[in-house]
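Colleague: I have a structure I would like to understand better, so I am pasting it below and will then ask my questions one at a time.
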Amino acid sequence: MKDAYDIAIVGAGPAGLAAASVCARAGLSTVLLDENPRIGGQIYRAVTATPVANRAILGEDYWAGVALAAEAEASGAEIVTGATVWSLDASLELGVSVAGKARMIRARRVIVATGALERPFPIPGWTLPGVMTVGAAQTALKAHGLVPEGSVMLAGSGPLLWLLAAQIARTGRKLQAVLDVTPRANRLRAAPHLVDFLLSPYWRKGLALVREVKARTPVIRVDRLEARGDGRLREIAFDGTSLPLDVLLLHQGVVPNVNLAMAAGVAHRWNERQLCFEPVLDGDFASSVPGIAVAGDGAGIAGGTAAAERGRIAAIAAVRALRPDANLPDPHEARRRLRHEERGRAFLDELYRPAVRYRQPMGDTLVCRCEEVTARQVREAARLGCEGPNQMKAFLRTGMGPCQGRMCGLTVTELIGAERGIVPEQVGYFRLRPPVKPITLGELASLPIGEAERRAVER
C-alpha cells in the first residue's frame, strides 16, 4: 500500500466493488480495503473461491457477484484483503492493520461501504453454544461449504431466514423446522405498500422461495421462543412446546453497520421504518463530513443489487469532484436502476418488522453478551436515571467489550427509550471512537514514528 490515494473505499461488498471499478477506470488512484480474506462482502461472500460448486445451492443471485468482482479486479484498483480499517477521521486519514502491522493512509475522498450486520435477537439462551445467527451459518456455507449437522432449526423472520432455509435444504440436509416469529399484525402494516412490492423485482423471487421452503420443511408460526441448555443448547421451547435440538439459527433482519462512519463524525438519524440508525446523506450519498460518502447497505438496508448502484453513484460523485473531465458511466441510468431495486422495500420492512418482545427483552435475558449484562440490569439503570447508552457504559459497561456495541447497541437504546418513555432518536447511540475494531497493542506500536512523535517523548 501507498501512503496516499485519491480514493479509499472501505468494504469489498457489492457497493465497494462497484465504486472501486468506477473510480479506478476514471484514472484515479484507488484502494479497496476489506478485512476478509476474499472480496465479496457478506452477500457475495467468497464468490471467487467458494467450494460450493453446485450453482443451484446458493442461487443465481449469488453468482451475479462473479461479474462484479471481475469488473473490480480488472479495473486497476489496488485491492487489499485482510485489511482491518480501525480508524477514520474528518481529515480523511485511515488507520489500517494488515498482517499484524498498522499504518495510517490518507485519501482525498473516502467511500464507506461497510454493509450491514444482523440485528440483535436477544431471547433467553441466545448465547448458548449451539445457537448462532443465520448470517454466520450462511458464511460457513459460502466460504467453506459447511452446513450444520444434527437436529437443526431456524427461527426468526426476514428474507435471509427463508433464503438460508432453502440453501440448506438444497444441499440435501433436512431441517427439523423453521419457526416463524413474524407478527401477524405486520400484514396490515405492509398492506399499503403491496402494489409497489408487486411491481418490484422481489415478489416473484420471494414467493418462490417461501414455497420452496414450505415444500421441504415444516414451518411453524410461534409467538414465544426460548433456547434451553446447561453449557450448550439442549432444547428449544416455544408456545408451550419443547423439543430437543442441536443447532438453532436465529435471525430477525439486518441493520446498517454504522461504527466506522459514526467514529468519523458522520451525522446519523433514527429510521423508524427499519428500526435502526442510518447516516444522513444527500442524493450522491455524501455525508455530513466533507469528503466522506457512505454507500451500500451501510446507507440503509436495500439489498445487494441496490447496494451496487449506490456504490456507483457515490463513486461518480467522488470522481467528478476530483477530476471533472473524467469519462464516467451515466449517473441517471444508475439512479433509474436504483429506484427499480428499491421499489418494494417498504413492504418488506413493514412485513418483517421485528416484534417488540424480541427487540426489548425482559428479565435475565442477556443483552450485552461481552460484559454479561441482562435486560433487567439495563432497565433498572434507566429507571435510576441513566439517560443514554454512553452513561450506561459507566453504569454497566454495556458496549465496552470486544464487539464494541455491535451486538447490543440497538437493544440498549430501545430498552432505555422504553423505560424513559422517549423514542430512540432522543436516546441516541454509543459514542464511538477509534479503534472501532479490536486490534492489539503490538499493532498500534508498529505504527511508523515520525520526528514530531519522537520529540514528544524524548527527555
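The values are calculated or read from the model by the stated rules, or taken from the named source; none is laboratory data. Everything numeric in this text was worked out from a predicted model, so none of it was measured. Ideal geometry is used to build each Cβ from the backbone, glycine not excepted, and the neighbour counts take in all protein chains shown. Note: areas computed on protein heavy atoms with side chains; ligands, DNA, RNA excluded. Shrake-Rupley method; radii C 1.70, N 1.55, O 1.52, S 1.80 Å.
Colleague: In a solvent-free Debye calculation with one equal scatterer on each Cα, what is log10 I(q)/I(0) for region 47-160 at q = 0.11, 0.24 Å⁻¹, listed in the order of the q values?
Modeller: For region 47-160, the Cα-only Debye profile gives -0.59, -1.36.
Colleague: Quick one: what does P(r) look like for region 272-390 with 10 Å bins over all Cα pairs, in whole %?
Modeller: Reading the bins upward from 0: 11, 29, 24, 20, 11, 3, 0.
Colleague: Over the Cα atoms of region 1-78, what radius of gyration and what Dmax do you get, in Å?
Modeller: Values for region 1-78 (Cα only, Rg and Dmax): 13.0, 43 Å.
Colleague: Moving on to the next point. Which of the GluC sites (Glu not before Pro) across region 401-459 are loop residues per DSSP, with 10 or fewer other Cβ within 10 Å? Show your work: numbers first, answer last.
Modeller: Numbers: sites: GLU414, GLU419, GLU425, GLU443, GLU451, GLU453, GLU458; in loops: GLU458.
Answer in residue order: GLU458.
Colleague: Sort out for me the Cα centre separation of region 124-151 from region 300-373, rounded to whole Å.
Modeller: 24 Å
Colleague: To continue, here is another question. Quick one: which of 286-297, 240-251 comes out on top by average Cβ neighbours within 10 Å, and what's the full order, highest first?
Modeller: The densest-packed peptide leads the list: 286-297, 240-251.
Colleague: Helix by helix through the chain, keep the DSSP H runs that span 24 Å or more along the axis on Cα and average at least 0.0 on Kyte-Doolittle, and give those back in order.
Modeller: Flagged H segments are 304-322.
Colleague: Lone cysteines in the chain, going by a 4.7 Å Cβ-Cβ cut-off?
Modeller: CYS23, CYS276, CYS370, CYS386, CYS403
Colleague: Distances over 25 Å make up what percent of all Cα-Cα pairs in region 204-355? All intermediate terms of the calculation are to be shown ahead of the outcome.
Modeller: Numbers: 5612 of 11476 pairs.
In whole percent, the long-distance tail amounts to 49.
Colleague: For region 230-373, what is the accessible area per residue in Å², given a 1.4 Å probe and the full set of protein chains? Display every interim value, and only then the final one.
Modeller: Numbers: 5710 Å² over 144 residues.
Roughly 40 Å² per residue, with all protein chains present.
Colleague: Something else now. Per residue, how much space in cubic angstrom lies within the convex hull of the C-alpha atoms of the chain? It would help to have the intermediate numbers written out before the result.
Modeller: On the way: hull volume 70.8 nm³, N = 459.
Residue-normalised Cα hull volume stands at 154 Å³.
Colleague: Next up: In terms of the ratio Rg/(2.2 N^0.38 Å) built on C-alpha atoms, what value belongs to region 102-229? Can you show the working numbers first?
Modeller: Values: Rg = 17.9 Å, N = 128, 2.2 N^0.38 = 13.9 Å.
That works out to 1.29 for region 102-229.
Colleague: Cα-based count: Lys pairs in the chain below 25 Å, eight or more positions apart or different chains?
Modeller: 11
Colleague: For a quick protection proxy, order the peptides 254-261, 347-354 by their average other-Cβ count within 10 Å, most packed first.
Modeller: Values: 254-261: 24.8, 347-354: 21.6.
Order by mean packing, descending: 254-261, 347-354.
Colleague: Right, here's the next one. Show me the ranking of peptides 357-368, 2-13, 27-38 by mean Cβ neighbours inside 10 Å, starting with the highest.
Modeller: Numbers: 357-368: 18.7, 2-13: 23.7, 27-38: 21.2.
Highest-to-lowest ranking by the protection proxy: 2-13, 27-38, 357-368.
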